[in-house]
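The values are calculated or read from the model by the stated rules, or taken from the named source; none is laboratory data. Treat the numbers as computed from the prediction; the structure is a model and nothing was measured. As a convention, Cβ positions derive from the backbone with ideal geometry for all residues, glycine included, and neighbour counts pool all protein chains shown.
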């Protein structure tokens, strides 16, 4: 309890001090503080959920306790609601943190998470809906050391997880289908939307252009199955 109280007080003090800075300095400081908060918590193994000897009930109890502490902070510091203009497709891998990717903690992004960053029809529709709601940039990502990609390259795993590896195998095809959806293609052609395919270095979350990404103007026509 003492650690929780001290951490809460420290967070209040740091937040109050940050508001004395210029807007740009506040943005940079906020990103740095968020990064520091991750590092500050990283070694607190008493709060880890992955203790090998913990029962499922103990994990659930700790999960609820951590949520209660986090909710108290949010109640004290309510956050502004933003309407995102960026949507990201990101793997479910916990090592990829969308806040750290851009140093921005403001929830200013739509985030779709799937295994291996693979799209199905519902993700295509979700991203198109986001575009209709004002999104101007879509970032489709993959990352190094991806378990889904490893499974797709392993014969034994391919047999054990057929749906998962099929989604990875069809990833490029689904991206081409998405880019060729009439609403998406029209927005891209008119300059109202940019779609980027990026690779994430899992070790440091650095973003780089995906080397095998096909040019947007060469996107394949969608299959008749989806009616687009």
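Quick grid of which residues meet (1) loosely packed, with under 13 Cβ neighbours inside 10 Å; (2) assigned to a loop (DSSP other than H, G, I, E, B); (3) in contact with a strand residue (DSSP E or B) (Cβ under 8 Å, 6 or more places away or on another chain):
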{"site": "74", "(1), (2), (3)": "yes, no, no"}
{"site": "90", "(1), (2), (3)": "no, no, yes"}
{"site": "131", "(1), (2), (3)": "no, no, yes"}
{"site": "134", "(1), (2), (3)": "yes, yes, no"}
{"site": "142", "(1), (2), (3)": "no, no, yes"}
{"site": "163", "(1), (2), (3)": "yes, no, no"}
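Mind checking which residues of the stretch 176-205 are in contact with a strand residue (DSSP E or B) (Cβ under 6 Å, 6 or more places away or on another chain) and within 18 Å of residue 85 (Cα to Cα)?
194, 195, 196, 197, 198
From the list 221, 214, which residue is in contact with a helix residue (DSSP H, G or I) (Cβ under 9 Å, 6 or more places away or on another chain), over 19 Å from residue 112 (Cβ atoms), surrounded by 12 or more Cβ atoms within 10 Å (Cβ to Cβ) and modelled with pLDDT under 95?
The unique qualifying residue is 214.
Yes or no, residue by residue, for (1) at pLDDT 80 or above; (2) part of a loop (DSSP other than H, G, I, E, B); (3) exposed (fewer than 12 other Cβ atoms within 10 Å of the Cβ):
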{"position": "33", "(1), (2), (3)": "no, no, no"}
{"position": "39", "(1), (2), (3)": "no, no, yes"}
{"position": "46", "(1), (2), (3)": "no, no, yes"}
{"position": "53", "(1), (2), (3)": "no, yes, yes"}
{"position": "58", "(1), (2), (3)": "yes, no, no"}
{"position": "65", "(1), (2), (3)": "yes, no, no"}
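When the residues of the stretch 165-196 are narrowed to those that are without any contact (Cβ under 8 Å) to a residue 24 or more places away in the chain and touching a helix residue (DSSP H, G or I) at 6+ places or on another chain (Cβ under 7 Å), which ends up surrounded by the most Cβ atoms within 10 Å (Cβ to Cβ)?
Within the stretch 165-196, the match that is surrounded by the most Cβ atoms within 10 Å (Cβ to Cβ) is 165.
Can you tell me how many residues within the stretch 100-116 are outside any loop (DSSP other than H, G, I, E, B) and either out of contact with any helix residue (DSSP H, G or I) (no Cβ under 7 Å at 6 or more places or on another chain) or within 15 Å of residue 85 (Cα to Cα) (or both)?
6
Working only within the stretch 117-128, note down all residues that are within 17 Å of residue 164 (Cβ to Cβ) and either outside the structural domain of residue 200 (by TED's automatic domain parsing) or part of a helix (DSSP H, G or I) (or both).
The answer is 117, 121, 122, 123.
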